[in-house]
Amino acid sequence: MRAYELMIIFRGDLAEDAVDEPLGRALSGLASLGVDVEAEHVNRWPKRRFAYEIDHLNEGYYVVIEFVADGVDLSGFERSLRLSDAVVRHKILRLPDSEATRRGLFGAAPDPVPAEAS
Amino acid sequence: MPKSRPRPKTRENTRRGKKKVSVLTHKRVEYIDYKDVDLLRRFMSDRGKVRARRVTGNDAQQQRTVARAIKNAREMALLPYANRITTQRGAGRSGGPRGEGGPGRRGDGPPPSPSSAPPPPPTGGAEEPEFAEEAEFAAEPAFATEPEFAEEAES
């Protein structure tokens, strides 16, 4: 199992609830790859100022999504993010396993502990 | 001749001082998150540059992860690539190479115009010349010879 962290920046000139629609599309895009994202792993930040101007915008809505996937080709999903007009930038990082367990991404149950001990 | 030989390092000529310990070691940070902007800012100068290891006390691995995290944070506009800090430069440094070296301009011609323009008047009050860079100096007096400043000293 591989844990990933996806950050998407949506345009800051949208209304707060106008983000729901493109965000939902991104989430369903993940779901169509067989990745199920739990709601508690979708973290919406309040509108945030950029450190520098991007496309004449100075602020954006940041959403951080953590998910676990196995052998999934994310390139098509990334392309759809890149093409989306509401998305300013995005980034997908692979989380190290230690960090993913610390965040409880591999299931909150302490399953991996006895597995390591054996 | 004992002087020509490289002197063995003794307590007198080695650089002493307590070894700096990185905050990462001190606080036992095990994952350096690029979203943790406040942590990463400690490893950057006011200008937005990554601080050197000898300043921060990071070991090589920590420095690598910090640098990568800063670069990721920059891509997501969480941290700046550069912070503009307006400074007043000393007269006679900038623009020096431009007016000189032309043919026929020896000692007989008119003296080369003052090599640096007078400090521009603040336009619209947007960017008043500040001394923020000097504040950076003052913040770290022990590391005044950091390479950050070397590029300005070379001319």
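The values are calculated or read from the model by the stated rules, or taken from the named source; none is laboratory data. Not measured: the values here are computed from a predicted model. Cβ atoms come from the backbone with ideal geometry, glycine included; neighbour counts cover every protein chain shown.
Table: residues versus (1) of a type in the set (K, R); (2) modelled with pLDDT under 95.
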| position | (1), (2) |
| --- | --- |
| B:R54 | yes, yes |
| B:D59 | no, yes |
| B:Q62 | no, yes |
| B:V66 | no, no |
| B:A73 | no, no |
| B:L78 | no, no |
| B:A82 | no, yes |
| B:T86 | no, yes |
| B:R89 | yes, yes |
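Scanning the stretch A:50-78 for residues that are out of contact with any Gly (no Cβ under 8 Å at 6 or more places or on another chain), at the interface with chain B (Cβ under 9 Å from one of its Cβ atoms) and buried (at least 17 other Cβ atoms within 10 Å of the Cβ) turns up A:A51, A:Y62. Six or more apart or on different chains, Cβ atoms under 6 Å: show the pairs whose first residue is in the stretch B:79-90 and within 14 Å of chain A (Cβ to nearest Cβ) and whose second is among the charged types (D, E, K, R). Here the result reads B:Y81/B:R74; B:N83/B:R47, each pair linking the stretch B:79-90 to a residue that is among the charged types (D, E, K, R).
Restricting the search to the stretch A:68-96, which residues are among the acidic types (D, E) and out of contact with any helix residue (DSSP H, G or I) (no Cβ under 9 Å at 6 or more places or on another chain)? Within the stretch A:68-96, A:D70, A:D73, A:E78 meet the criteria.
In a residue-by-residue description of the stretch B:36-45, the property of being at pLDDT below 90 and outside any helix (DSSP H, G or I) applies to no position.
Report, by residue number, each residue of the stretch A:79-110 that is hydroxyl-bearing (S, T, Y) and within 13 Å of chain B (Cβ to nearest Cβ). Passing the criteria: A:S98, A:T101.
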